[in-house]
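What follows is a short report on a single structure.
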Amino acid sequence: MTDKRDLTDLEKAATPPETDSSQVYSKGLPSKTPSEYTDAETNADEGVVQKPRGPVKEKNRVCCTPIRRYSRLFFGLAALVFLIVVLVAVGVNLKARSDSEASIDKAFAEHMKKHGKTYKGEERDRRRAAFGTNFNKAMKHNVAANSKHTLSTGGPFADLTQEEFLNKHVPKRKKDDSTYSTNYHPKHKLNDEARVNDLFAKKMIPDEVDRRTQGCVAPVKNQGDCGSCWTFATADALYSFHCRNQGQDNAVLLSTQQLVDCASGDGCMGGLPGNAFDYVSKSGLCSNADYPYTSGQSDEAGSCRSSECLPVVLPSSEAGYYAVPPNSEKALQVAVYYHQTVAVSMDAENLQDLHLYSGGVYDGFVKGSGGTCGSERDHAVLVVGYGVEEKSGTPYWLIKNSWGTHWGEDGYFKLLRGKNEHTLNDCDVLARPLYPSKTEHDD
């Protein structure tokens, strides 16, 4: 039987002796805690020495705090820069808009002074708004590379909307379906198609004609607020004819007011050159000095006063007229070359910027340019020549208008020529051209 003392001795023998940790870690190694060494460092027998692990980091410590701090700073600066850029852009835009409005205000003031206009209150605001729209439209058009003509707000209609302009200067009328009268002479030898082709084949028709250089073209006039374009085209064609036959010294300006008051038509609401020629063939036509034009301001026809003046264009002998074969560019060229000037009607209603035209060859009716010029003849003008634009090589008709010298090229414009001579084209100026004749057999 084992006694209590013997049991205690056995327990002590089974318990390993305590070890001094300082002795274990003193074998050529620095004094460190066990957690500060790698496994290789604690294996002294293998003689491997590695760098200490370093202090153990706390589990809850955030190791990326500096990076996040810099990220927040970066995004904050980026947002600030963006805000500055936006504010600068807004400021530049506001300044540009302010400068643009100032330019429009200045141009509008010059427009009123140039054309003798005065507006007040709401009317001035409306005119300024219309002018601003036209100003921006002209600027945008002129920087485009696909147009052969320019626009400007320097003309008299720049403070009118398109609708206002058309109502005043291009009155709506039915299509010209009238028949020619007995004073129409269709068999002029130069109107024969074979004769026309022969003249071109023999190169007897020049490439360019400008009747203004010969002095028998009347000065540009202004029809004003009256839709009397048809009377101006007729009277000016007769002036050229009278000048050619009687000499420039004996040529006198003819009365458009007499045609407004007396000829078959709607006065200031429009009419046809053919009707005006018919009237002159029967009643003659007085001078503008004896029967001056007044409807431009009154916007209405007056009572006929032809009995109060003596006609300078006599009935019958000088008042017949020829019609150029329709839809033939060559036939119209022959007529202009041999017979001075030719009255034509054209489609102006669908030309959205003709009232702002300032120069070049007008091509607003070409597909893709914004116009849809076709066969609604609603404006009468006078063809005084034709040619080819030197810089662009673009063929044109040289046309005299009745909107005053401040419009277009001193009252004239160039219309694109030769689109397609076998259809109603060139804004329909080829549909029914007319020119005066002395007798049925006049050359």
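The values are calculated or read from the model by the stated rules, or taken from the named source; none is laboratory data. Just so we're clear, the structure is a prediction, and the values are computed from it rather than from any experiment. Cβ atoms come from the backbone with ideal geometry, glycine included; neighbour counts cover every protein chain shown.
Count, please, the residues in the range 166-197 that happen to be modelled with pLDDT of 70 or more and surrounded by 19 or more Cβ atoms within 10 Å (Cβ to Cβ).
The number of residues fulfilling the criteria is 4.
Every residue in the range 292-329 that is of a type in the set (Ser, Thr, Tyr), under 19 Å from Asp266 (Cβ atoms) and at pLDDT 85 or above, please.
Those that are of a type in the set (Ser, Thr, Tyr), under 19 Å from Asp266 (Cβ atoms) and at pLDDT 85 or above: Tyr293, Thr294, Ser295, Ser303, Ser306.
Take the residues in the range 341-366 that are more than 11 Å from the chain's Cα centre (by Cα) and at pLDDT below 85, then tell me which one is nearest to Asn167 (Cα to Cα).
Glu349
Of all the helices (runs of 4 or more DSSP H) wholly in the range 240-310, which have at least 2 residues that are of a type in the set (S, T, N, Q), surrounded by 15 or more Cβ atoms within 10 Å (Cβ to Cβ) and touching a residue at least 40 places away in the same chain (Cβ under 8 Å)?
It comes to 256-262, 273-283.
Please enumerate the residues belonging to the range 102-124 that are surrounded by 11 or more Cβ atoms within 10 Å (Cβ to Cβ) and under 17 Å from Gly154 (Cα atoms).
Initially, the range 102-124 is screened for residues surrounded by 11 or more Cβ atoms within 10 Å (Cβ to Cβ), giving 103-105, 107-112, 114-115, 117, 119, 124.
Answer for the range 102-124, where residues must be surrounded by 11 or more Cβ atoms within 10 Å (Cβ to Cβ) and under 17 Å from Gly154 (Cα atoms): Ser103, Ile104, Asp105, Ala107, Phe108, Ala109, Glu110, His111, Met112, Lys114, His115, Lys117.
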